[in-house]
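What follows is a single structure, written as structure tokens, with notes after it.
The values are calculated or read from the model by the stated rules, or taken from the named source; none is laboratory data. Please read all numbers here as calculations on a predicted model, not as lab measurements. Here the Cβ is made from the backbone with ideal geometry for all residues, glycine too, and neighbour counts use every protein chain on show.
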Amino acid sequence: MSSPKKSSIADALLQNAMAGLSSNLISRHNNKAKTEADEIVNQASIVGTGELLINISMIDLNHLQPRKFFDQAAINDLAKSIEINGQIEPVVLRVVGDRYQLVAGERRLRAITLLGRESIQSVIKDISDENIALIALIENLEREGLTDYEIGLSIKEIEKTIPNKTELAKSLGRNRQDIYRYLSFNDLPEWVLDRLNANPSVINRSNAFELKALIKDNDYEPEKFRMAVVRAIDALENNALTQSLFLDKIKRFAREGVLVEGEGSKIKSEAFQYNGKDVGKIKFDDKKLTINIKSSVINQEDVDAIQAFINNRIIAK
């Protein structure tokens, strides 16, 4: 749970954004759009002052939601809390055509849906297309679990409408140098982004900034350097390496070569690709075989086939 100080900071930023933090970007609805908005809001049930009970089937998710990964255990805990204590905080929606779009509160929406409820307490805000990414990010900044990579992706969207880095930093309550660190994720090569998409917390913003510079200016043989980065990321994921040593380890691996793992031990590592993108890898040494495959490229039939292979070729021996 956020501390009172953090909550007040987040609330103040959110209120500023919704009140017109970037007023030059907010366009008013024309008369037709306003009439449609009034009509759809009037169909909702009033809960309390400023709050409406909205049918979940009328709500579309926000594709600019900065949080790309949701902890299901945390959603389950939130659902239990709502079931016992009720929904304390409404979600924020805006009207788009004849439907609603979620601006803030996807964790709450998921928890309410998990409980099997058909409606959710909501507040309706008049928010422009330009400001929706900014507000969604501010709402998430002080909440649990948002990674540097997810923040970086969201800031990239906001940069389209607030290109000035000083203004952008001010809007988000961050310093200018930190904005550059977050944005550096977007300049990393696709094979690094594939790893971040699978595990967005694996590299922090400081290392993304340093890695971007190292990739741009290094004298290592390209394939050897790529394997050094991959191996260092593997070490981070296996908790065998700290963020503070990440760049130094890459340089060491690139100098010494990545095929030697201790005295006399050889590692064979090969990536799986689909449509030119890394979707997994197989790693084999004298101690174990490790296979990682993105769940998005396999189905239950594939999983059953892998399990059958293990049963028939290994366990049955």
Subset of segment 161-217 (residues that are in the same structural domain as Glu237 (by TED's automatic domain parsing), farther than 20 Å from Met227 by Cα and in contact with an Asp or Glu (Cβ under 6 Å, 6 or more places away or on another chain))
Arg205
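Filter segment 120-138 down to the residues that are within 27 Å of Ser81 (Cα to Cα) and in contact with a helix residue (DSSP H, G or I) (Cβ under 8 Å, 6 or more places away or on another chain), then identify the one that is modelled with the lowest pLDDT. Spell out the reasoning first.
If we filter segment 120-138 for residues that are within 27 Å of Ser81 (Cα to Cα), which is where we start, we get 120-125, 135-138.
Those still in the list that are in contact with a helix residue (DSSP H, G or I) (Cβ under 8 Å, 6 or more places away or on another chain) too: 120, 124-125, 135-138.
Details: Ile120: 95, Ile124: 91, Lys125: 88, Ile135: 76, Ala136: 71, Leu137: 78, Ile138: 75.
Only one residue tops the list, namely Ala136.
Residue by residue, here is whether (1) touching a Phe, Trp or Tyr at 6+ places or on another chain (Cβ under 9 Å); (2) polar (S, T, N, Q); (3) at pLDDT below 80 holds:
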site	(1), (2), (3)
Val92	no, no, no
Val95	no, no, no
Glu106	yes, no, no
Ala111	no, no, no
Glu118	no, no, no
Asn140	no, yes, yes
Glu144	no, no, yes
Within segment 56-80, the residues that are over 26 Å from Glu130 (Cα atoms) and either surrounded by 12 or more Cβ atoms within 10 Å (Cβ to Cβ) or at pLDDT 90 or above (or both) are Asp71, Ala74, Ile75, Asn76, Asp77, Leu78, Ala79, Lys80
Which count do you get for residues in segment 52-69 that are of a type in the set (Val, Ile, Thr) and in a helix (DSSP H, G or I)?
1
Candidates Glu83, Glu51, filtered to the one that is closer than 25 Å to Ile127 by Cα and surrounded by fewer than 19 Cβ atoms within 10 Å (Cβ to Cβ)
Glu51
Yes/no for Glu263 being of a type in the set (D, E, K, R), assigned to a loop (DSSP other than H, G, I, E, B) and either at pLDDT below 90 or surrounded by 17 or more Cβ atoms within 10 Å (Cβ to Cβ) (or both):
yes
Scanning segment 282-317 residue by residue, those more than 18 Å from Ala271 (Cβ to Cβ), of a type in the set (S, T, N, Q) and either at pLDDT below 80 or in a helix (DSSP H, G or I) (or both) turn out to be Gln300, Gln307, Asn311, Asn312
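Would you confirm, using the coordinates I've provided, whether Gly105 is out of contact with any His (no Cβ under 8 Å at 6 or more places or on another chain) and surrounded by 20 or more Cβ atoms within 10 Å (Cβ to Cβ)?
Numbers: out of contact with any His (no Cβ under 8 Å at 6 or more places or on another chain): yes; surrounded by 20 or more Cβ atoms within 10 Å (Cβ to Cβ): yes.
Yes, satisfied.
Can you go through Lys170, Lys160 and tell me which one is closer than 29 Å to Glu190 by Cβ and out of contact with any Lys or Arg (no Cβ under 6 Å at 6 or more places or on another chain)? Outline the logic, then answer.
Working: Lys170 fails: closer than 29 Å to Glu190 by Cβ.
Among Lys170, Lys160, only Lys160 is closer than 29 Å to Glu190 by Cβ and out of contact with any Lys or Arg (no Cβ under 6 Å at 6 or more places or on another chain).
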